[in-house]
Amino acid sequence: MSKDLTAQDIKRIRRKYGLTQQGFARLLGLGEASVVRYENGQTPSKANANLIRAADNPAFMRDCVDDLLGLAALLVRQQIS
């Protein structure tokens, strides 16, 4: 069983990438208020804790950024058409 994710763990993971709470939340598809609560000590749901743990892996975060950029490019193309 993996250890509980602490507020300090969440802050460390977010800061590892130089992200604000808002940026971290958006990149992972979480609410900004949720990230704030988690960093203030509220325990994330199991699913959100697993997602945040995955964010500690740079390859996972790279995929998230790639997905986000791909979606943004698609939306821009649709607006131009």
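The values are calculated or read from the model by the stated rules, or taken from the named source; none is laboratory data. Note that the structure is a prediction, hence the values are computed from the model and not measured. For neighbour counting, all protein chains shown are included, and Cβ atoms are generated from backbone atoms with ideal geometry for every residue, glycine included. Just the protein is used for accessible areas: all its heavy atoms, side chains included, with ligands, DNA and RNA removed. Shrake-Rupley method; radii C 1.70, N 1.55, O 1.52, S 1.80 Å.
Worth pointing out:
- 3J(HN,Hα) along segment 34-39: 5, 4, 4, 4, 5, 6 Hz, from the Karplus curve 6.51 cos²θ - 1.76 cosθ + 1.60 with θ = phi - 60°, whole Hz, x for Gly and Pro.
- Taking a Cβ cut-off of under 13 Å around E39, the surrounding Lys, Arg, Asp and Glu residues balance to a net charge of +3, with basic ones at +1 and acidic ones at -1.
- Options (i) 37, 33, 19; (ii) 52, 23, 21; (iii) 48, 24, 23 - which one matches Cα extents along the principal axes in Å as calculated here: (iii)
- Helix 46-55 and the long axis of the chain differ in direction by around 70°, with both axes built from C-alpha atoms.
- J(HN,Hα) series, segment 17-33, from Karplus relation 6.51 cos²θ - 1.76 cosθ + 1.60, nearest Hz, glycine and proline x: 9, x, 9, 6, 4, 5, x, 4, 4, 4, 5, 8, x, 9, x, 4, 4
- If R0 is taken as 22 Å, the Cβ-Cβ distance between Y17 and T43 corresponds to a FRET efficiency of 0.50.
- Formal net charge of residues neighbouring Q21 (Cβ-Cβ distance under 11 Å; K, R +1; D, E -1): +3
- The angle between the Cα long axis of helix 58-80 and the longest principal axis of the Cα atoms of the chain comes to about 30 degrees, rounded to the nearest 10.
- Rolling a 1.4 Å probe across the protein heavy atoms gives the chain an accessible surface of 68 Å² per residue.
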